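Bear in mind that the values in this text are calculations on the coordinates, not laboratory data. The model shown is predicted, which means the values in this text are computed figures rather than measured ones. Positions of Cβ are generated from backbone atoms using ideal geometry, with glycine treated the same way; all protein chains shown enter the neighbour counts.
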Amino acid sequence: MATLEIKDLHVSVNTDEGKKEILKGVDLTIKPGETHAIMGPNGSGKSTLSYAIAGHPKYEVTSGEVLLDGENVLDMTVDERARAGLFLAMQYPVEVPGVSMSNFLRTAATAVRGEAPKLRTWVKEVKGAMSDLDIDPAFAERSVNEGFSGGEKKRHEILQLSLLKPKIAILDETDSGLDVDALRVVSEGVNRYKADNEVGVMLITHYTRILSHIAPDFVHVFAGGRIVESGGPELANVLESEGYVKYTGKQEEAS
Ligand code: ADP
Ligand code: MG
Ligand code: MG
């Protein structure tokens, strides 16, 4: 169990044209067991928020705080963040040629748990988790994400979630590119994990579709690098019918 607190977070990205401020004061607290949907138009800075929390070197925190149970996350290395219980499922999962999925998962589990999982129980654990997510056992020996379809990559992200057992899970557009069946399988995986663990979830999404599978406790509208409105699940319905035009001045659908 852990509480994530984001306080007045400002983040810049280093581009070829220089430093550009993307996040302009984000405030958000996620308590154990809560699911917060972050909804916003493309380019509003949602992925930047997830990368900054995860510690991606390209994203520079210029001011503000990120605390996990009061501990300063921004002082931690990427590994330390994972060990502290932070998990990020990326919008665009990276391919790792030459590293098999089973090796990758075992290395990640070892890093997070602080010791290598016992081989026999581990193999059973992985098999069970793969079967829960309808992942073909043959995938265990394939290179991480190499040649995976969009849906296969997302299933692999949720497989990591269920094996690494984080306290805070940030899911960045886990719904994008999924057909109806894959969306159901992936959502069920997240819901199973939620049911068994007092996890805090940050569910980043452009579309409301996934919210009918994974019920949020809170919905936040993200625009221009900050949260511009917060509410309960009903806010997603408003966004579905009205889009983000009210916040951006531009027509863009949220359904
Ligand atoms: P979202 O996830 O809401 O679509 P992003 O966080 O991906 O938004 O992007 C927010 C803004 O920051 C965009 O204008 C994007 O072009 C810019 N940006 C994000 N990452 C980078 C980067 N690595 N290099 C240059 N610009 C970036
Ligand atoms: Mg985007
Ligand atoms: Mg994004």
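Relative to the longest principal axis of the Cα atoms of the chain, the long axis of helix 150-164 lies at roughly 70 degrees. Annotation for residue 75 and residue 16: the two label points, set 7 Å from Cα along the Cα-Cβ direction, are 3.9 nm apart.
Work out the FRET efficiency for residue 198 and residue 250 from their Cβ-Cβ distance, taking R0 = 30 Å, and round it to the nearest 0.05.
In this case the efficiency is close to 0.20.
Is the stretch 51-126 best put as rounded, prolate or oblate by its Cα gyration tensor, with a ≥ b ≥ c the root eigenvalues, rounded for a/c under 1.5, and otherwise prolate when a/b is larger than b/c, oblate when not? Because a/c hits 1.5 or more and a/b fails to exceed b/c, the stretch 51-126 counts as oblate.
Taken over the chain, the ratio of Cα radius of gyration to 2.2 N^0.38 Å equals 0.99. With Cα atoms as the point set, the radius of gyration and Dmax of the stretch 73-175 evaluate to 13.2, 39 Å.
On the beta carbon distance between residue 116 and residue 29, with R0 = 25 Å, the FRET formula returns roughly 0.10. Relative to one another, the C-alpha centroids of the stretch 57-93 and the stretch 184-209 are positioned 20 Å apart. Per residue of the chain, the DSSP helices (runs of n ≥ 4 H) give a summed -39500 (n - 2.57) that works out to -10500 deg cm²/dmol at 222 nm. In terms of the mean number of neighbouring beta-carbon atoms within 10 Å, the peptides 32-42, 177-187 order highest first as 32-42, 177-187. Sorted from greatest to least, the principal axis extents spanned by the alpha carbons of the stretch 88-236 come out as 47, 31, 27 Å.
For the chain, modelled as a GNM whose springs connect Cα atoms under 10 angstrom apart, the maximal fluctuation among 60, 115, 157 occurs at 115. Across every pair of non-identical alpha carbons in the stretch 177-242, the mean reciprocal distance, once inverted, gives a Kirkwood radius of 13.0 Å. On the beta carbon distance between residue 125 and residue 213, with R0 = 30 Å, the FRET formula returns roughly 0.75.
Which peptide among 65-72, 198-205 comes first, and what is the full order, when sorted by highest mean count of other Cβ atoms within 10 Å?
Descending mean neighbour count gives 198-205, 65-72.
Residue exposure proxy: 46, 246, ordered by other Cβ atoms within 10 angstrom of their Cβ from fewest to most, comes out as 246, 46.
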